[in-house]
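The values are calculated or read from the model by the stated rules, or taken from the named source; none is laboratory data. From a predicted model like this one, the values you see are computed outputs, not experimental measurements. Here Cβ is always computed from backbone atoms with ideal geometry, including for glycine, and neighbour counts include all displayed protein chains. Accessible surface is based on the protein model in full, side chains and every heavy atom, while ligands, DNA and RNA are left aside. Shrake-Rupley method; radii C 1.70, N 1.55, O 1.52, S 1.80 Å.
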Amino acid sequence: MINNIALAGCGNVGTALLEILHEKKNELKEKYGFEYKVVLISDLMKGIVMDPEGLDLEKILNELHSRHSFGALAQAAGHFDELLDQSGATVLAECTPTNLKTGEPGLSHLRAALSRGISVTTTNKGPIAVAFDELCQLAEECGAKLSYEGVVMSGTPLIDMMKNGIAGCSVLGLEGILNGTTNFILTKMGEGATYADALAEATALGYAEAAPSGDVEGWDAAVKVVILAKILFGKEIDVKDVTRIGITQVTPQQIAEARRGGFTIKLVAGIRFDSFGMHPYVMPKKIAATHPLAAINGATNAITVNTDNLGEITLVGPGAGRRETGQAILSDMIRMSR
């Protein structure tokens, strides 16, 4: 079966996905039986290109790399719902920017696709955070699939591991480093940099946004905790229910003092359970140097999952990056095609 791919959002991640699809077309067919054509690309800034027979990815990538737009390529127009119908899309890759309050425009894109029986993969935390149950129900009612591997740890397959790799285990709790920007900053501070200098370097390298509060105040990690609580435990919580403390008050002196005591300081996102219920949190914590999370430096992510049958499992991998996140979309599409 040929997968007709529609792409919503052609920024860094969307462009990386197109690069991978173009480079690996033969390999993906031979290894996984995954055949495809890209029939629609819609981007708020770059415009819309569509061809139900399949777009020429080489031409599109040349335009994107040289002009950062679709250039002289024939452009389409119309409402996104109409474009989905006209393109003959069978799967949507949704890579638009995240809005944690409304989930838009991604939420409308997901609704439009799922209601038409078009399966969806997304890296957009917004729709998953604000309308997870609705989207799952819509997918089931309309015979579509909904995948979202990339919303928590980019291309590192945490959600697939939790759903399939440790099937049969009960998860007793988890904690991890789920924000690469803050981990990079704390790593640099551990090497002697001030908070301001470490933040400036993170910004220069593209890890931190120009307005970094979403990262350094713990909001990004807190949203990921909300998503994990829902996906893994079926618990409906709001971001305000997460105990949240960022890293803005952590000093190099505190990090140095912790190190002398055999600890390191990390911004840890977790979910723990006790007799009073579930406790979601994001906060700087002292981690023993012997713990796997203590060795996670730079922009890398990691999570330690405590289970009944296997004990503790630690998964380490990239939590950001254009190609890494594009890989999450690709792996979702391959799984759904099976």
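Screening residue 104 on (1) at pLDDT 95 or above; (2) open to solvent by less than 20 Å² (accessible area, probe 1.4 Å); (3) in a loop (DSSP other than H, G, I, E, B) shows it passes everything except condition (2). At least 1 residues being open to solvent by 60 Å² or more (accessible area, probe 1.4 Å) is the threshold, and among the helices (runs of 4 or more DSSP H) wholly inside the stretch 170-266 those reaching it are 195-204, 219-233, 252-260. Going through the stretch 87-107 one residue at a time, which ones are over 17 Å from residue 10 (Cα atoms), out of contact with any strand residue (DSSP E or B) (no Cβ under 7 Å at 6 or more places or on another chain) and not charged (D, E, K, R)? Residues satisfying the conditions are 100, 102, 103. Filtering 269, 256 for residues that are within 13 Å of residue 223 (Cα to Cα) and among the hydrophobic types (A, V, I, L, M, F, W, C) leaves a single hit, 269.
Is it the case that some residue within the stretch 300-313 is within 20 Å of residue 165 (Cβ to Cβ), open to solvent by 30 Å² or more (accessible area, probe 1.4 Å), among the hydrophobic types (A, V, I, L, M, F, W, C) and at pLDDT 95 or above? Scanning the stretch 300-313 turns up at least one residue that is within 20 Å of residue 165 (Cβ to Cβ), open to solvent by 30 Å² or more (accessible area, probe 1.4 Å), among the hydrophobic types (A, V, I, L, M, F, W, C) and at pLDDT 95 or above.
Which residue, of 82, 63, is open to solvent by less than 40 Å² (accessible area, probe 1.4 Å), of a type in the set (Asp, Glu) and either farther than 17 Å from residue 105 by Cβ or without any contact (Cβ under 8 Å) to a residue 24 or more places away in the chain (or both)?
Working: 82 fails: open to solvent by less than 40 Å² (accessible area, probe 1.4 Å).
Being open to solvent by less than 40 Å² (accessible area, probe 1.4 Å), of a type in the set (Asp, Glu) and either farther than 17 Å from residue 105 by Cβ or without any contact (Cβ under 8 Å) to a residue 24 or more places away in the chain (or both) holds for just one of 82, 63, which is 63.
When residues of the stretch 269-281 are filtered for being in a strand (DSSP E or B) and either aromatic (Phe, Trp, Tyr) or buried (at least 21 other Cβ atoms within 10 Å of the Cβ) (or both), how many remain? Adding up the residues that qualify gives 6.
Could you list, in sequence order, all residues of the stretch 282-301 that are in a strand (DSSP E or B) and more than 19 Å from the chain's Cα centre (by Cα)? The answer is 283, 284, 285, 286, 287, 288.
Screening residue 297 with (1) open to solvent by less than 50 Å² (accessible area, probe 1.4 Å); (2) in contact with a helix residue (DSSP H, G or I) (Cβ under 7 Å, 6 or more places away or on another chain) gives one miss only, at (1). Only one of these conditions is not met by residue 53: (1) open to solvent by 60 Å² or more (accessible area, probe 1.4 Å); (2) under 26 Å from the mean Cα position of the chain (by Cα). Which number is it? That leaves (2) as the condition not met.
For the stretch 1-27, the set of residues classified as modelled with pLDDT of 95 or more, under 27 Å from residue 153 (Cβ atoms) and surrounded by fewer than 20 Cβ atoms within 10 Å (Cβ to Cβ) consists of 3, 19, 20, 22, 23, 24, 25, 27, listed by residue number.
Of all residue pairs spaced 6 or more apart or on separate chains, those with beta-carbon atoms under 6 Å, a first member in the stretch 211-235 that is under 21 Å from residue 277 (Cβ atoms) and a second member that is buried (at least 22 other Cβ atoms within 10 Å of the Cβ) and among the charged types (D, E, K, R) are 223/125.
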